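In what follows, a structure is listed as structure tokens, so that the remarks can point back to it.
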Amino acid sequence: MSGLCFKEKNDDLLKYWNSDEYGLRVIYSAKLMGRYLVDNEPFDKADCFCDRDADEIKKCKGIPVIDHVELCKKISDSGKRALIVICTGPGGRGLQGIYGDLLQYEYDADVFDYFENEACFTDTGFILDDREIPLFEHRYNTGFCNTRMTERCIELALAQEFISKCTGKVTEIGAVTPYYLDDEKIHRIIDPTDGHYRVSERKSMFDCDISGENILTISTIEHIGTTDYGMNERYTSIDAIETITGQAQSYFITAPLGYNEVMDKWVKEQFDRDDLKVAVRGCNNHWIFIDDKEKLDSVEYTPYWANGVVFLCNIW
């Protein structure tokens with residue numbers, strides 16, 4: 001077969017990627033999602049990225065970035081067919097422009113849309129302390145394991161573990177679980193802005209007594225001190241951490257990395273705390289817990305989801 005061939009969603013991307021028939025393996029798009037894909041085996045074996053802004057980017061994660069004109073030449077020089085994986089965000093963001101670029105030139109390549117074909121290798125769980133825990137699935141702002149999922153899939157999986165270990169009732173700061181769980185142990189929810197009917201106290205956590213309670217808070221404290229949701233508190237996310245960990249009987253706190261610079265700096269400084277863990281992922285739902293704080297520098301928050309989450313818990 002010669003010429004350009006767009007593969008369908010039922011074609012096995014990994015089978016093709018691992019084949020010896022290709023002279024060049026290319027990830028199309030370095031600046032948005034493509035850079036995350038190479039964090040996952042076997043995509044770390046990509047020969048190059050292709051991107052319209054190649055002159056500006058040059059290299060991404062040690063892999064050269066070329067434009068579509070140079071890509072055409074490289075494929076021709078290789079004397080073999082190329083495999084191109086488009087990774088530019090789900091929902092077709094940027095996809096049509098890339099198709100247009102590819103159709104301008106006489107490529108000899110098989111082309112996959114990563115997000116269309118990812119179901120063939122999407123993870124359904126993660127490992128924590130030698131235990132495999134299933135990812136949490138939900139139609140609201142989470143997704144299912146055969147799709148691209150948000151960070152809620154790992155946050156809520158571990159939140160359920162925390163709730164099950166708590167003796168007595170749980171107080172939640174920030175109304176997240178009401179949209180996902182109906183757990184009778186969560187008896188008190190504090191949130192100054194959320195209109196959910198289960199919110200019991202519409203006020204700041206700093207105006208509430210949480211002494212001796214089991215505290216759960218999911219992707220909430222990163223907003224403190226940022227004026228998000230129209231708030232203008234004098235406190236920071238670090239004040240929230242110190243208040244919770246200093247007053248609560250037990251606690252489970254999550255926050256995305258890359259969203260709040262003050263908190264990101266604190267996480268790096270406190271990385272060796274016994275109650276702190278950090279999970280990061282590549283481009284699919286493959287979450288791993290890291291033990292090297294230098295890896296924090298490469299974790300980015302995107303407009304669509306977080307690619308790193310910090311967890312603070314004293315009853316792992």
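The values are calculated or read from the model by the stated rules, or taken from the named source; none is laboratory data. The shown structure was predicted, so the numbers you read here are calculated from the model rather than taken from an experiment. No Cβ is skipped: glycine too gets one built from the backbone with ideal geometry, and neighbour counts run over all protein chains shown.
Say we look at the range 210-247 and pick out the residues that are within 27 Å of LYS185 (Cα to Cα) and out of contact with any helix residue (DSSP H, G or I) (no Cβ under 9 Å at 6 or more places or on another chain); which of these is surrounded by the fewest Cβ atoms within 10 Å (Cβ to Cβ)?
GLY246
For the range 206-220, give me each residue that is in contact with an Asp or Glu (Cβ under 9 Å, 6 or more places away or on another chain) and not in a strand (DSSP E or B).
Within the range 206-220, PHE206, ASP207, CYS208, ILE218, SER219, THR220 meet the criteria.
Against the condition loosely packed, with under 14 Cβ neighbours inside 10 Å and farther than 24 Å from LEU13 by Cβ, how does SER164 come out, does it pass? It would help to see each step written out before you state the result.
Values: loosely packed, with under 14 Cβ neighbours inside 10 Å: yes; farther than 24 Å from LEU13 by Cβ: yes.
So SER164 passes the test.
Which ones in the range 147-161 are within 15 Å of the chain's Cα centre (by Cα), closer than 26 Å to ILE241 by Cβ and either of a type in the set (S, T, N, Q) or not assigned by TED's automatic domain parsing to the domain that holds ASN285 (or both)?
Hit for the range 147-161 is THR150, nothing else.
Under the condition of being over 16 Å from GLU300 (Cβ atoms) and surrounded by 14 or more Cβ atoms within 10 Å (Cβ to Cβ), which residue from the range 33-48 is modelled with the lowest pLDDT?
Initially, the range 33-48 is screened for residues over 16 Å from GLU300 (Cβ atoms), giving 41-48.
Subsequent filtering for residues that are surrounded by 14 or more Cβ atoms within 10 Å (Cβ to Cβ) retains 43, 46-48.
On the way: PHE43: 94, ALA46: 97, ASP47: 97, CYS48: 97.
Filtering first and then ranking leaves PHE43.
Here is a list: GLY62, GLY125. Which entry is surrounded by fewer than 19 Cβ atoms within 10 Å (Cβ to Cβ), in contact with an Asp or Glu (Cβ under 8 Å, 6 or more places away or on another chain) and under 30 Å from PHE289 (Cβ atoms)?
Details: GLY62 fails: in contact with an Asp or Glu (Cβ under 8 Å, 6 or more places away or on another chain).
On inspection, the qualifying residue turns out to be GLY125.
Strands (runs of 3 or more DSSP E) wholly in the range 260-316 with at least 1 residues that are buried (at least 21 other Cβ atoms within 10 Å of the Cβ) and not aromatic (Phe, Trp, Tyr) - which ones? First the steps, then the outcome.
Details: elements: 276-281, 287-289, 308-313.
The qualifying strands (runs of 3 or more DSSP E) are 276-281, 308-313.
Out of the residues in the range 246-259 that are outside any loop (DSSP other than H, G, I, E, B) and closer than 20 Å to THR177 by Cβ, state the one that is farthest from the chain's Cα centre (by Cα).
In the first step, residues of the range 246-259 are kept if they are outside any loop (DSSP other than H, G, I, E, B); the result is 246-247, 250-256.
Checking which are closer than 20 Å to THR177 by Cβ leaves us with 250-256.
Numbers: SER250: 26, TYR251: 23, PHE252: 19, ILE253: 17, THR254: 13, ALA255: 12, PRO256: 9 Å.
Of everything passing the filter in the range 246-259, SER250 is farthest from the chain's Cα centre (by Cα).
Could you tell me which of the residues ALA82, ALA30 is at pLDDT below 95, of a type outside the set (Val, Ile, Thr) and surrounded by 22 or more Cβ atoms within 10 Å (Cβ to Cβ)? First the steps, then the outcome.
Details: ALA82 fails: at pLDDT below 95.
From the options ALA82, ALA30, the qualifying one is ALA30.
Going residue by residue through the range 144-158, is there one that turns out to be surrounded by fewer than 20 Cβ atoms within 10 Å (Cβ to Cβ) and under 30 Å from LEU24 (Cβ atoms)? Please lay out each step first, then the result.
Residues of the range 144-158 that are surrounded by fewer than 20 Cβ atoms within 10 Å (Cβ to Cβ), as a first pass: 144-147, 150, 157.
Cutting the leftovers down to under 30 Å from LEU24 (Cβ atoms) gives us 146-147.
Yes, some residue in the range 144-158 is surrounded by fewer than 20 Cβ atoms within 10 Å (Cβ to Cβ) and under 30 Å from LEU24 (Cβ atoms).
So, of the residues in the range 99-146 that are closer than 18 Å to ARG81 by Cα and at pLDDT 90 or above, which turns out to be farthest from the chain's Cα centre (by Cα)?
ASP108
Tell me the residue from SER211, SER164 that is in the same structural domain as THR245 (by TED's automatic domain parsing), at pLDDT 95 or above, among the small types (Gly, Ala, Ser) and under 15 Å from ILE241 (Cα atoms), please. Before the answer, list the steps.
Details: SER164 fails: under 15 Å from ILE241 (Cα atoms).
None of the other options fit; the residue is SER211.
For the range 114-126, which positions are closer than 11 Å to ASN10 by Cα and of a type outside the set (A, V, I, L, M, F, W, C)? Spell out how you get there, then give the answer.
Looking only at the range 114-126, we keep the residues that are closer than 11 Å to ASN10 by Cα, and these are 116-120.
GLU116, ASN117, GLU118 - these are the residues of the range 114-126 that are closer than 11 Å to ASN10 by Cα and of a type outside the set (A, V, I, L, M, F, W, C).
Keeping to the range 260-297, report how many residues are in contact (Cβ under 8 Å) with a residue 40 or more places away in the chain, of a type outside the set (A, V, I, L, M, F, W, C) and in contact with a helix residue (DSSP H, G or I) (Cβ under 7 Å, 6 or more places away or on another chain).
Total meeting the criteria: 3.
What pairs come out if I take residues in the range 67-78 that are under 11 Å from ASP108 (Cα atoms) and pair them with residues that are among the charged types (D, E, K, R) whose C-beta lies under 6 Å away, six or more apart or interchain?
ILE75/ASP108
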